[in-house]
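> Questions regarding the structure given below will be posed in turn.
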Amino acid sequence: MNRIKKIGIMTGGGDCPGLNAAIRAVVRSAYNQHIEVLGFRFGWKGVIEKDYETLDLSVVSGILPRGGTFLGSSRTNPLGNKKWSSQIKENMAKLELDALIVTGGDGTLRATFELYEKEKLPLVAIPKTIDNDLMGTDQTFGFDTAVSIATEAIDRIHTTAESHQRVMIIEVMGRDTGWIATYAGIAGGADFILIPEVKITLKEIVEKLKERHKRGKTFSIIVVAEGANLDGIVKGEKGSITKFLAEKIEKETGYETRVTILGHVQRGGTPTPFDRILATRFGIYATQLVLGKKFGQMVALHGTDIVSVPLKEAVGKLKKCDLNLYDIAKTFFG
Ligand code: F6P
């Protein structure tokens, strides 16, 4: 069996805190095995255009606590583009890469799976996304940081909500799942949480708010996942669902209502210790998979263990928010 001598790494899709920790772990563990590492810039784009730099220990020194990805990222997706797929294959051969470690979310890893299946490329995947919506792993890195930022925001909004006796609506990210909303909502003591997985009517929300006020509460906190499902109205149809909800609540209850859309603040900045550790463990395990030539696999967290799963299990289907957890959150609604 030929020894692994040279590998590549890239980060694709939306960035998230922990990416630099993962790159550092790959470079460090590869260095210990005398493996050269090339870092491709801006995800698949860099592999297609042969835009890369050699990553030695000095390049990755000091990047552990930094958010984002120093390699840059993009949503360039070779899926469905025959020319790009063959360019990736050709460039990997020209650069004599024995393997490529792909760090990505759903979109990036779908392409990784296709390239592994159809082009037989030696690929290993590391899952990342603040949305935590990837199958095959209990958690992705980036999620814990996003939850902690959203929770801090809810805590801060709580005090001003109380002072002004307002309904405060906080919109969080999560694309088509309600993981961030449910976690941050529980942690921040939300009085109502709207997620894409559960259909809720305006009537139910208004009733709960009125009940709350009857109990003597003069303010309320509502956490809304960006993809939330309100009366069957989904994002896009009415612009921001959050603003639409605020207008309706004010009209139906007479309670003054304000909206905060957290947006990309949830994706920026320094990763939590949990995400740094998870990303580091993923990076080291991914290098081990490469050493064992276990391609077409994704590293994953199962319970407290780092394992690997076939990429096939991770792509094609979203990991929806755990409804048992949402039930726990519901105990505190109203
Ligand atoms: O997938 C991560 C994520 O931040 C989602 O939560 C959000 O819907 C989307 O990316 C935003 O994408 P962009 O940064 O391209 O606007």
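> Going through region 126-140 one residue at a time, which ones are more than 9 Å from the chain's Cα centre (by Cα) and either of a type in the set (Val, Ile, Thr) or within 10 Å of the ligand (Cβ to nearest atom) (or both)?
Ile126, Thr137
> Continuing with the same structure: State yes or no: is Ile170 within 16 Å of the ligand (Cβ to nearest atom), in contact with a strand residue (DSSP E or B) (Cβ under 6 Å, 6 or more places away or on another chain) and outside the structural domain of Gly67 (by TED's automatic domain parsing)? Break it down stepwise before answering.
Values: within 16 Å of the ligand (Cβ to nearest atom): yes; in contact with a strand residue (DSSP E or B) (Cβ under 6 Å, 6 or more places away or on another chain): yes; outside the structural domain of Gly67 (by TED's automatic domain parsing): yes.
So Ile170 fits the description; yes.
> What residue, among those in region 91-128 that are polar (S, T, N, Q) and more than 14 Å from Val299 (Cβ to Cβ), is surrounded by the most Cβ atoms within 10 Å (Cβ to Cβ)? Step through it out loud before you land on a result.
Residues of region 91-128 polar (S, T, N, Q): 91, 103, 108, 112.
From what's left, more than 14 Å from Val299 (Cβ to Cβ): 91, 108.
Details: Asn91: 20, Thr108: 30.
The residue in question is Thr108.
> A follow-up question, please. Tell me, please, whether a residue that is within 16 Å of the ligand (Cβ to nearest atom) and under 19 Å from Ile249 (Cβ atoms) can be found in region 174-182.
Within region 174-182 (the criterion being within 16 Å of the ligand (Cβ to nearest atom) and under 19 Å from Ile249 (Cβ atoms)), the answer is yes, since at least one residue qualifies.
> Something else: Closer than 21 Å to Cys16 by Cβ, outside any loop (DSSP other than H, G, I, E, B) and polar (S, T, N, Q): does that describe Thr177?
For Thr177, the condition - closer than 21 Å to Cys16 by Cβ, outside any loop (DSSP other than H, G, I, E, B) and polar (S, T, N, Q) - is not met.
> For region 260-334, give me every one of the helices (runs of 4 or more DSSP H) that falls completely inside it and has 3 or more residues that are surrounded by fewer than 21 Cβ atoms within 10 Å (Cβ to Cβ).
Values: elements: 273-291, 311-314, 323-330.
Because the criterion is at least 3 residues that are surrounded by fewer than 21 Cβ atoms within 10 Å (Cβ to Cβ), the helices (runs of 4 or more DSSP H) in region 260-334 that meet it are 273-291, 323-330.
> Same structure again: Quick check, is Val223 assigned to a strand (DSSP E or B), among the hydrophobic types (A, V, I, L, M, F, W, C) and modelled with pLDDT of 95 or more?
Here the answer is yes, as Val223 does meet what is asked.
> Would you please name the residue that is modelled with the highest pLDDT, looking only at residues in region 73-90 that are among the basic types (Lys, Arg) and more than 16 Å from the ligand (Cβ to nearest atom)?
It comes out as Lys89.
> Select, from Ile23, Ile63, Ile4, Ile88, the only residue that is assigned to a loop (DSSP other than H, G, I, E, B), in contact with a Leu (Cβ under 7 Å, 6 or more places away or on another chain) and not aromatic (Phe, Trp, Tyr).
Matching residue, one of Ile23, Ile63, Ile4, Ile88: Ile4.
> Follow-up. Take Ile63 and tell me if it is in the same structural domain as Thr129 (by TED's automatic domain parsing), within 20 Å of Val299 (Cβ to Cβ), away from the ligand (no atom under 16 Å from the Cβ) and surrounded by fewer than 24 Cβ atoms within 10 Å (Cβ to Cβ).
Taking the combined requirement at face value, the residue satisfies it.
> Is one or more of the residues making up region 296-313 within 16 Å of the ligand (Cβ to nearest atom), acidic (Asp, Glu) and within 21 Å of the chain's Cα centre (by Cα)?
Within region 296-313, none of the residues are within 16 Å of the ligand (Cβ to nearest atom), acidic (Asp, Glu) and within 21 Å of the chain's Cα centre (by Cα).
The values are calculated or read from the model by the stated rules, or taken from the named source; none is laboratory data. What you see is a predicted model, and the numbers here were worked out from it, not measured in a lab. Cβ sites come from the backbone with ideal geometry, for glycine too, and all protein chains shown count toward neighbours.
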